[in-house]
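Notes to accompany the following structure.
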Amino acid sequence: MKILSLSTHRKPAFACLIALMILVGLLRITLTYRVFWQTWDEPARIAGGMQWLAEGQYTYERFTPPFACVMSALGPYLAGVRSTGQRSMWDEGNAILHRDDAYERNLTLARLGILPFFIVAALVVAAWAKVCGGSMTALLAVLLLTTLPATLGLSGVAGLDMACAACVIAALFAFDTWLKRPTIGQSCLLGATAGLAILTKFTAVGFLLAAGGLMIVVYSFQFFRKDSLGNHERLRARRWITASALAVLLCFLVIWGGYRFSTGPLFAPGPAWLACRNSRRIRKHKTKPLYTWRISNPNEHPASSGEKIHIAATPVRGE
C-alpha cells in the first residue's frame with residue numbers, strides 16, 4: 001500500500017517537471033525573437049505556407065514539402081495577412097513579413113508556428129525514454145533536449161529542421177511500439193506520423209529508413225531467437241504484413257492530403273534546373289554550353305527597360 005502511494009505521488013511530480021522544462025525552453029526560445037531578425041530562408045517558407053493557406057495551391061517550392069511551411073504561415077494568416085501575388089517566393093515572403101508595417105509582429109507570429117514541434121519532440125522523448133529506462137531516464141533526456149543549443153536555435157526560426165526532428169522522433173517511437181503490437185490503431189498512428197515526417201522535409205525518408213532498418217535488425221534477433229517459430233509467432237508475422245499495408249496506405253494518404261489531394265507532375269524542368277544542368281556539363285566535360293539564355297527581369301536587372309520576364313533555352317546545334 002505504501003509503495004502504491006509513492007508511485008501515485010510520483011506521477012504528478014514527473015509530469016510537472018517535464019512541463020517545467022518545456023516551459024523554460026519555450027521562454028528561452030521566445031526571448032530570442034526580438035534579438036534575431038529573419039534568416040535567409042524564412043521568407044521562402046512563409047511564402048509557401050501562405051500560398052497553401054490563402055490560395056489553395058503550393059507551387060513556389062516543389063522539393064520542400066508544405067507541412068512546416070504551413071505552420072510557419074498560420075500565425076500571420078490568422079492575423080489577417082494574405083498573399084501579395086509576388087512572382088518570387090523571396091519577394092513574397094518579405095512582403096508578408098512587412099505587411100501592415102508590422103514586421104516584428106509578423107515574424108513573431110510565423111516563428112510561433114514552430115513551437116508546437118518543440119513541445120511534441122519533448123513529449124515524445126519523455127514517453128520513449130520512460131518506456132526504455134524509467135522516469136529518471138526520461139527526465140534527464142528531456143533536460144538534455146530542452147537545453148541543447150541546436151534544439152533551441154532551430155525552434156526559434158520559421159524553418160524545417162525542428163519540425164522534421166519532432167516528426168521523425170514521433171514516427172520512430174510509433175514504429176517501435178508497432179513492432180511490439182502491430183494493431184490497427186498502432187498502424188494508423190505509424191502511417192500518420194511517418195506521413196507527417198515526410199511532409200516536413202523529404203530528407204526524413206533517409207532518417208526513417210536508416211533508423212527503422214536498424215530497429216528491425218535488433219528486433220529480428222529477439223523474434224527469431226528460437227529455432228522454430230510457434231503458432232503465435234506465425235500469427236504475429238501475418239499481422240505485421242497486414243498492418244504494414246495499412247500503415248503504408250495511410251502514410252500515402254497523409255502525404256497526398258498535405259498537397260490538397262492534387263494531381264500533376266512533381267517535377268517539370270524549368271530555367272533553374274536547366275541552368276544547373278548546363279553548369280554541370282561545362283565543369284565535367286569542359287565543353288560549350290548545352291543551352292543559351294536570354295533573361296530580362298527588371299527585379300534582377302535594374303538596368304533593363306522593364307519588359308516582362310522572358311527566359312528562353314535554345315539547345316546548341318549538334319546536341
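Readers should treat all values here as calculations from the given coordinates under stated rules, not as data from a laboratory. Predicted model, so just to flag it, every value in this text is computed and none were measured. Because the Cβ atoms are built from the backbone with ideal geometry, glycine has one as well, and the counts that use them run over all protein chains shown.
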In nm, what is the difference between 0.36 nm times the number of residues separating R10 and T203 and their Cα-Cα distance? 65.6 nm
Just to verify a number: FRET efficiency for R87 and F36, C-beta to C-beta distance, R0 = 25 Å, to 0.05? 0.35
Give the residue from Y77, N94, P65 lying farthest towards the positive end of the charge dipole for the range 47-113; charges sit on Cβ (+1 for Lys and Arg, -1 for Asp and Glu) and the dipole is referred to the Cα centre. P65
Span per principal axis, largest first, for the Cα atoms of the range 138-180 (Å): 35, 25, 8
Mind putting a number on the dipole of the range 23-141 about its Cα centre? Charges go on the C-beta only, +1 for Lys and Arg and -1 for Asp and Glu, and I need it in Debye to the nearest 20. 340
Using alpha carbons only: equivalent-ellipsoid semi-axes of the range 1-148, gyration tensor based, whole Å: 39, 15, 12
Karplus ³J(HN,Hα) for the range 183-200 (6.51 cos²θ - 1.76 cosθ + 1.60, θ = phi - 60°; Hz, whole; x = Gly/Pro) runs 7, 5, x, 5, 5, 5, 5, 5, x, 5, 5, 5, x, 5, 4, 5, 6, 8
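Applying 1/(1 + (r/R0)^6) with R0 = 22 Å to the Cβ-Cβ distance of V217 and V248, what FRET efficiency is obtained, to the nearest 0.05?
The calculated FRET efficiency here is 0.65.
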Along the positive direction of the dipole of the range 24-139 (beta-carbon charges: Lys, Arg +1; Asp, Glu -1; about the Cα centre), which of L53, P43, I114 reaches farthest? I114
How far apart, in nm, are two points set 7 Å out from the Cα along the Cα-to-Cβ line at T108 and at R239? 5.1
